[in-house]
């Protein structure tokens with residue numbers, strides 16, 4: 001049954017509906033054919049680096065950044081629907097970046113590796129990075145959103161990047177040894193993740209029956225549609241994290257402090273959150289400001305891509321070598337992946353309903369003093385088919401921001417970047433700190449109509465806890 005319900009999407013005769021909800025839920029990526037990365041993504045191609053000693057340890061990060069581009073090229077250009085969800089994409093990007101990190105640290109062991117335990121000081125770092133990334137990317141072909149197969153133009157592009165990368169290494173012996181290290185690093189990562197639990201993922205689960213318990217949301221609650229009853233990534237809570245000790249390591253307290261959802265929806269805070277999202281999270285809410293609408297759409301983009309862009313912009317402001325760049329990008333993607341594992345744990349454990357269910361049903365009559373609206377709908381349709389608490393998107397944002405903050409021991413960075421999901425009239429947003437971006441990312445999920453405020457704020461805090469743990473426990477200095 002693995003991913004079977006997603007596969008049905010492309011068979012559904014009502015193509016317009018399928019294209020709408022399949023392309024929007026989770027990634028909502030307004031993707032152009034053969035998408036290239038924006039100016040801010042390539043800003044680090046000539047990033048500065050220290051070159052004040054002999055040896056490989058002062059190599060430019062250019063090759064790492066080149067293959068960072070290549071990793072996301074596959075993710076961004078894979079045809080949809082069905083979508084490439086953040087669950088699968090964050091696992092994939094974590095594997096690519098870990099392989100590059102392990103390859104470099106098998107030449108000069110500055111940091112602990114994740115999977116590979118070998119040494120060859122004479123291998124070319126650039127060749128090792130290129131081959132490691134290439135092998136993991138190729139291994140991901142046809143696997144990001146079955147039954148979609150990877151188009152030939154993507155394969156041709158990745159092959160050309162490898163060809164150009166290896167041609168930059170003029171020392172034949174160093175290149176050969178680097179290629180061998182790259183193969184070994186990729187294989188070690190792929191083998192270590194072969195039985196990580198993702199082979200057991202399914203996409204259906206009975207909905208709840210009590211007020212406050214998760215119900216399937218539109219269009220996944222419409223009988224007769226091929227996605228009827230779809231729940232995303234069932235079993236992801238059992239996937240082995242890359243850095244956390246367990247999926248439940250940072251499980252938050254119950255929603256609104258009550259283990260019984262029928263009691264959660266009677267609390268004053270829940271009622272306040274209910275009224276807030278009802279007036280600010282709908283498709284045509286007059287109370288929502290223009291700026292709130294803009295950033296609600298801006299942050300719909302997949303978090304592991306968005307926070308990768310932020311990391312690269314900050315790398316461009318710093319003077320760090322290939323080893324540090326590879327480690328930072330790997331830590332960010334490890335944190336993104338583990339935030340989704342952690343979120344899945346809490347979502348399936350608490351099984352709390354989404355705002356659209358609560359508002360359409362007026363809390364099933366179980367919450368005193370509220371009024372419902374059967375026609376209420378979210379700003380960006382549809383609501384992702386998973387439980388509300390906590391917000392995985394906010395979790396991922398908190399995790400990414402905290403990893404970068406801990407890495408540089410600094411929160412105040414000024415940066416601007418664009419989003420694939422932004423309103424075309426307002427494609428770029430600017431920030432003066434990581435925490436500002438993380439909070440806007442979190443609250444965007446309330447303004448877009450997907451999550452109650454508590455789910456957003458708790459998700460962000462859990463993400464910060466995850467990011468702090470990953471930054472201080474994974475891929476540490478030798």
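Relative to the longest principal axis of the Cα atoms of the chain, helix 392-408 runs at roughly 40 degrees. Direction-averaged projected area, Cα convex hull, the chain: 21.0 nm², rounded to one decimal. This ranking places 246, 455, 302 by how few other beta-carbon atoms lie within 10 Å of each, fewest first, which gives 246, 302, 455.
Stokes-Einstein diffusion for segment 61-210 at 25 °C, viscosity 0.890 mPa s, with a Kirkwood radius from C-alpha pairs, works out to 153 µm²/s. Global size of segment 248-371: 19.3, 59 Å for Rg and Dmax (C-alpha atoms, Rg to one decimal, Dmax whole).
Taking the Cα atoms only, what angle lies between the long axis of helix 268-280 and the longest principal axis of the chain, rounded to 10 degrees? It is inclined by approximately 80 degrees. Please determine, in degrees from 0 to 90 and to the nearest 10, the orientation of helix 453-473 with respect to the longest principal axis defined by the Cα atoms of the chain, where the helix direction is its Cα long axis. In the chain, helix 453-473 runs at an angle near 20 degrees to the longest axis.
Decide, for segment 358-422, between rounded, prolate and oblate: order the square roots of the alpha carbon gyration tensor eigenvalues as a ≥ b ≥ c, take rounded if a/c falls under 1.5, and otherwise choose prolate if a/b is larger than b/c, else oblate. Since a/c reaches 1.5 and a/b is larger than b/c, the shape of segment 358-422 is classed as prolate.
Tell me whether segment 402-478 comes out rounded, prolate or oblate; compute the Cα gyration tensor, take square roots of the eigenvalues as a ≥ b ≥ c, and use a/c under 1.5 as the rounded threshold. Don't skip to the answer; put the middle values down first.
On the way: a/c = 2.52, a/b = 1.42, b/c = 1.78.
Note, shape of segment 402-478 comes out oblate.
Computed from the coordinates by the stated procedures, all read-outs in this text should not be read as laboratory data. If you're wondering where the values come from, they're calculated on a predicted model, not measured in any experiment. Cβ sites come from the backbone with ideal geometry, for glycine too, and all protein chains shown count toward neighbours.
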